[in-house]
Amino acid sequence: GEDALFGMIEELGRDVRRGLGLSRRSGSSGKPSTESVEALRLYSEGADLAHSGNELEAAQRLEAALDADPHFATARALLAETYDNLGRDQEAIEATERAAAELSRVSPVEAARIRAVRARLSEQPEAALAAYEEWCALAPNEPAAFLALATFQEDSGDLVGALASMLK
């Protein structure tokens, strides 16, 4: 069943990390913060849609992922960013607050990302910068973390910092 699938994925990830000489902390967020295969599938589709700029359909997939698993904090954080991109500010803030309420259920990498999104949307630039930097430190092989940090820095007017983050 689903438990066996997640077990096989975990074992495969461990084998790949071992083969590459990486530890779990060197970039993997570890086990997803959901046990639902359906929620994970919908999240993946939503993430792909969001990254391709199709925010409206992304929001629909992410909402469906949360219907499948209301505690899927990573999906809720991406939904918050998607709502923000759609100009749905209040819904974005509510979604980040709900994601933050689930921090105890997620990996340190996911928690740093959620804190970064929450701080950015709550207009707390110092806290956002610290959380984005923490995300990068916890996931040094995850390009999305450095891109998010660089984007935040650019939006904050720190072009030199943004360039440095992109070059890492």
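The values are calculated or read from the model by the stated rules, or taken from the named source; none is laboratory data. This one's a predicted model, so the numbers in the text were calculated from it and none came from an experiment. Note that we place each Cβ from the backbone using ideal geometry, even for glycine, and neighbour counts take in every protein chain shown. Remember, those area values only see protein heavy atoms, side chains included, never the ligands or the DNA or RNA. Shrake-Rupley method; radii C 1.70, N 1.55, O 1.52, S 1.80 Å.
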Practice task
State the Cα centre-to-centre distance between segment 140-168 and segment 40-113 in whole Å.
Solution key: 21
Completion exercise
Honestly segment 38-96 on the Cα gyration tensor test (a ≥ b ≥ c root eigenvalues; a/c under 1.5 rounded, otherwise a/b vs b/c for prolate or oblate) is just oblate
Handout entry: Sequence of L103, L121 from largest to smallest accessible area, 1.4 Å probe
Key = L103, L121
Exercise for the section: Using +1 at the Cβ of each Lys and Arg and -1 at the Cβ of each Asp and Glu in segment 114-168, identify which of S122, Q153, C136 lies farthest towards the dipole's positive end. Expected result: C136
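Only Cα pairs under 8 Å and at least 6 apart count here; give the relative contact order of segment 79-168 as a rounded whole percent.
Relative contact order comes out at 18 percent.
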Problem - Whole-Hz couplings from phi, Karplus 6.51/-1.76/1.60, listed for segment 77-93; x for Gly and Pro - result: 5, 5, 4, 4, 5, 5, 4, 4, 5, 8, x, 9, 4, 5, 5, 4, 5
Practice task
Provide the per residue accessible area, probe 1.4 Å, for segment 30-168, rounded to a whole number of square angstrom.
Solution key: 50
Handout entry: Backbone HN-Hα couplings from phi across segment 143-153 [Karplus 6.51/-1.76/1.60, Hz, Gly and Pro as x]
Key = x, 4, 5, 6, 5, 5, 4, 4, 5, 4, 4
Exercise for the section: Place the peptides 90-99, 50-59 in order of packing, highest mean first, counting for every residue the other Cβ atoms within 10 Å and averaging per peptide. Expected result: 90-99, 50-59
Exercise for the section: At 1.4 Å probe size, with no ligands or nucleic acids counted, give the accessible surface of D48 in Å², nearest ten. Expected result: 100
Completion exercise
Here the net charge surrounding E102, from other residues whose Cβ is less than 11 Å away from its Cβ (Lys, Arg +1; Asp, Glu -1), is 0
